[in-house]
1. I'd like the residue in region 18-35 that is assigned to a loop (DSSP other than H, G, I, E, B) and of a type outside the set (Val, Ile, Thr) and, out of all such residues, is most open to solvent (accessible area, probe 1.4 Å).
2. Would you point out which residue out of Gly63, Gly15, Gly76 is modelled with pLDDT under 85, at positive phi and open to solvent by less than 100 Å² (accessible area, probe 1.4 Å)?
3. Return the pair list, or none, for Cβ contacts closer than 8 Å from residues in region 27-44 that are at pLDDT below 95 to residues that are open to solvent by less than 100 Å² (accessible area, probe 1.4 Å), at least 6 apart or on different chains.
Amino acid sequence: FLETTAYFCMKPKMGEKEVSPHSFFSIWHEFSSDFKDFWKKENKLILQERVKEAEEVCRQKKGKSLYNIRPKHDSGIVSKNCSS
């Protein structure tokens with residue numbers, strides 16, 4: 001615990017000799033809950049962007065034909081019999 005408080009440069013409050021676990025974890029709790037809230041908001045924004053991109057790709061693919069239709073050529077057996 002002491003190494004962790006030293007790593008985060010926490011100093012004891014006025015009138016205390018050491019950083020108490022209560023003071024350290026109250027600050028840590030505030031930080032972690034704020035971080036969690038921002039994380040959720042950011043993930044929601046990223047998800048919305050990905051959904052928009054996927055919808056755009058679907059719209060583009062629907063606009064394009066999945067198969068090509070070629071014009072009918074008059075070179076088959078039926079066309080040779082009909083023209084003679």
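The values are calculated or read from the model by the stated rules, or taken from the named source; none is laboratory data. Worth saying up front: this structure is predicted, and the values here are computed from it rather than measured. Methodologically, a virtual Cβ is constructed for each residue, glycine included, from the backbone with ideal geometry; neighbour enumeration extends over all protein chains shown. Surface accessibility is based on the protein's heavy atoms, side chains included, excluding ligands, DNA and RNA. Shrake-Rupley method; radii C 1.70, N 1.55, O 1.52, S 1.80 Å.
1. Initially, region 18-35 is screened for residues assigned to a loop (DSSP other than H, G, I, E, B), giving 18-20.
Pick out the ones that are also of a type outside the set (Val, Ile, Thr) and you get 18, 20.
Numbers: Glu18: 119, Ser20: 33 Å².
Across region 18-35, the extreme among qualifying residues is Glu18.
2. Working: Gly63 fails: at positive phi; Gly76 fails: at positive phi.
Residue meeting the stated conditions: Gly15.
3. Close Cβ pairs satisfying both conditions: Ile27/Met10.
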